[in-house]
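Only one structure is covered here, and it is reproduced in the block below.
The values are calculated or read from the model by the stated rules, or taken from the named source; none is laboratory data. Just so it is clear, the model here is predicted, and its values are computed rather than measured. Backbone-built Cβ (ideal geometry, glycine too); neighbour counts: all protein chains shown.
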Amino acid sequence: MKNKSIYLILSVFMLLSSCEDYLDKSPDMGITDKEVFQNYLSYRGVLDKVYVLTCDPFLSTHGGGRFAFGDEGLCTAKGTCHRDLNDGNFMLTKDNLELGWYTSEAMNSVATNKMPIIAMAMRNLRTVNLCISHIDDLQDATPEQRDQLLGQAYFFRAWNYFEIIRRWGGMFKFDKVFLSDDDMDFPRLSYHESTDWLVSDLELAYQLLPEKWGASEKGRVTKAAALALKSMALLYSASPSMCPELNYNYDLEICKKAAMAAWEAIDYINQTGCNRLMPGKTVEEYSKIFYNKDIMASDEAIFYQTKRNGIRAKSEWNANFIPNSMCASNVHCASPTQNMVDMFEMADGRAIKDAGADYDDQNPYVNRDPRFYYDILYNGVKWGNNKGVPHYFELWEYNTYDNSKSADMMALFSQTYNPRCPYLIRKWWPETANKWENDYNYYMPAIYIRVAQLYLDFAEAANEAYGPETKVPGTDMSAVDAINIIRNRVGAVPVRNEYKANKEIFRERIRNERAVELCFEDHRWYDIRRWRIAKDAVKVIYKAVITRTGKDQFRFEYMEHPDYKRVFEDKHYWYPIPKSQMEMLNNVEQNPGW
C-alpha cells in the first residue's frame, strides 16, 4: 500500500510519468516499447526530446525574469519566476518555473516551455533511462550510431541530475526506470556522492560521443561537452555550500580534481580544434560569441540549445531586452542593477572602489573594462538608427534643465513593475533589432557552457588548491594565467600585482571576473549560492538616478532600490523538497530550514 501511495505522489512529481505521447499510446496502437526501440530513427526520436526539454533562458516563460535572480538584474515582467525567488517564497510555489515541481502543463508533453525545470529534469531522466534500458533492443543501428545514442543518453542523465542537485542538494541515484511497485524511499546521497555518480556518466559519455557532428547535426553534445560539464560539476562539488563538513570552506582535494578536469577540457579543445576561445577585442567580435547572422552557434559554444532552426522569434527579443520606446512590445523584462554595473573594473584593472582607482561617480562610464561597453547600454550611448538618424539612449529620470521628457526612461516606467534603473542589457541584443530597422534575423542559442567558462572554472579551482601563481601539476597554467587569457582576449589589462598577493585576495577577483565575463548567462544566481555569499550579495540592491542638469550635463545619485528588496536566509541556499513528498518519504531528509 505504501509503495502504491508513493507511486501516486511521485507520478505528479514526474518521476514515474511517461515522457512521450506516442509511447503512452503505443499499447493501444498495438505497438510495444520494445518495437519502438528496435528502430534507430524512432529510438533517436525518443531521445531527442531531451534536447527540447531543456531550460531556454530567452523564452518568455523561462526567461526575462531569470536575468533578475539575485543581484544581477531587475525585471519589469509580472508573474515571472524571479518574483517568488527574490521574495524568498521558495516553498509555496509549485507552479514557479524555477522553484516549482509541478504545473498542469507539466503533465502535457507538448507544453515544454511551461514546465518547471525540476519537472523537465525528472521527465528527461526517465526518458534517458528508458533509452539506456532498451539499447539491446536496437536492431538497425551501426555500432557508431549505437554509441552516439548511448553517449547522448549518459550525458543528459548527468546534466539533468546536475540540474536537480544544484537546486536541492544531493539526491539518490536516478539510474533506472522506476516502476509502480519499486521502493522509492531511498536515503539521500551527499552532494559529493551525487557528483561522483554523474561524473561517472560523463566519463562514459566522453568515450561514446563523437568529437564533432556533421553540419546537419550541429547542436548535439560532443566529447568536449562531456569534459566541460565534468569540470563544472566538480567545481560545484568543491564549493563552500556543498561542504558543510568543512565548515563551508572549499574542499581542496576536490578543487584539485576540478582544476585537472577543466585543464583536460581546455587541452582537448586546443588539441582538436573542435571549439575555441573566440576573438573579442571589438564589440563586433565579442557579440559573435552570442548571436550571429551566418551560423547557428559560435565556435566558443560547447553545450547549447537552439530552436526554430536557431532563429529567435521577434517576440523573444522584445520581451527580454527591448523597451517599448524601440519596439512594439510592452514587456521589457530585464535591466542590470547598479550592483552589476559596479563589478566592471576600470580600464587599468582596478576595482572601482579601490584606493587609487580613477573612478568618478559623476562621470561613471569612461575608462571602464571593455566588456562594460560590450554588455551594458547606458545613458548617452548610441543605439539604433531611426530613418538615418542615430538614436542615443536617454535614461535620465529627472530634468532641471528644460521641460523635455526622456522617451527611453518613460518607456521603462510604463511597465507594471518598472525597474527605474538606467541600464539595459546589450550582450544579447543586436543593435538593428528595433522597430525602425526591424532586423531580428539572428541566430542566438541558449549557451549553457562555453570555452571561457572552462578557464574561469580552472582559475577558481587552481587558486584554492595551489594559490594564484603556482602552475597546476600536469599543466602549464596557473590560476592567474587562466584569468589573463580571458582578459587578454577582450583587450583588458592583465591582473594587477596587488591582486595576486594571496589566494584570498585573488579569490575575490576571480569571482568578479566570473560575474563580468558570464553576466546574464544564467550563472550568477547559482554561483553566489554555491560560494555561500548570496545573503550578503543580495542584501542591498542599488540603483542610479540620473538628473539632466544642462545640455549633455547630468547629475548621478546612487541609492538602495526601494522596490526590489531581496529576502534571503540561510535556508535559501537550497530549495525545499516539496512537503507532499516529504510526508511520504521517510528516509529522505528535508533541506535545512525547511
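Listing for the model above:
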| item | result |
| --- | --- |
| Filtered residues of region 215-233 (kept if of a type in the set (A, V, I, L, M) and buried (at least 21 other Cβ atoms within 10 Å of the Cβ)) | 221, 224, 225, 226, 227, 228, 229, 232, 233 |
| Among (1) under 18 Å from the mean Cα position of the chain (by Cα); (2) assigned to a helix (DSSP H, G or I) - the single one residue 519 does not satisfy | (2) |
| Any hit, region 573-585, residues being β-branched (Val, Ile, Thr) and loosely packed, with under 15 Cβ neighbours inside 10 Å | no |
| Filter result for residue 259 (farther than 30 Å from residue 412 by Cα, part of a helix (DSSP H, G or I) and among the small types (Gly, Ala, Ser)) | yes |
| Residues of region 25-66 satisfying the condition of being touching a strand residue (DSSP E or B) at 6+ places or on another chain (Cβ under 7 Å), at pLDDT 85 or above and not in a loop (DSSP other than H, G, I, E, B) | 51 |
| Filtered residues of region 478-513 (kept if over 29 Å from residue 284 (Cα atoms) and in contact with a Lys or Arg (Cβ under 8 Å, 6 or more places away or on another chain)) | 478, 499, 506 |
| Any hit, region 12-23, residues being among the charged types (D, E, K, R), modelled with pLDDT under 70 and not assigned by TED's automatic domain parsing to the domain that holds residue 169 | no |
| Evaluation of residue 236 against (1) surrounded by fewer than 24 Cβ atoms within 10 Å (Cβ to Cβ); (2) not in a helix (DSSP H, G or I) (one fails), failing number | (2) |
| Qualifying residue in region 546-556 (condition: in contact with a helix residue (DSSP H, G or I) (Cβ under 8 Å, 6 or more places away or on another chain) and touching a residue at least 60 places away in the same chain (Cβ under 8 Å)) | no |
| Test: residue in region 354-361 that is in contact (Cβ under 8 Å) with a residue 24 or more places away in the chain and not β-branched (Val, Ile, Thr) | yes |
| Any hit, region 105-117, residues being touching a Cys at 6+ places or on another chain (Cβ under 7 Å), under 23 Å from residue 170 (Cβ atoms) and modelled with pLDDT of 80 or more | yes |
| From the options 481, 457, residue that is under 21 Å from residue 236 (Cα atoms) and in the same structural domain as residue 305 (by TED's automatic domain parsing) | 457 |
| Residue match in region 359-373 (condition: at pLDDT below 95 and either outside the structural domain of residue 497 (by TED's automatic domain parsing) or of a type in the set (Asp, Glu) (or both)) | no |
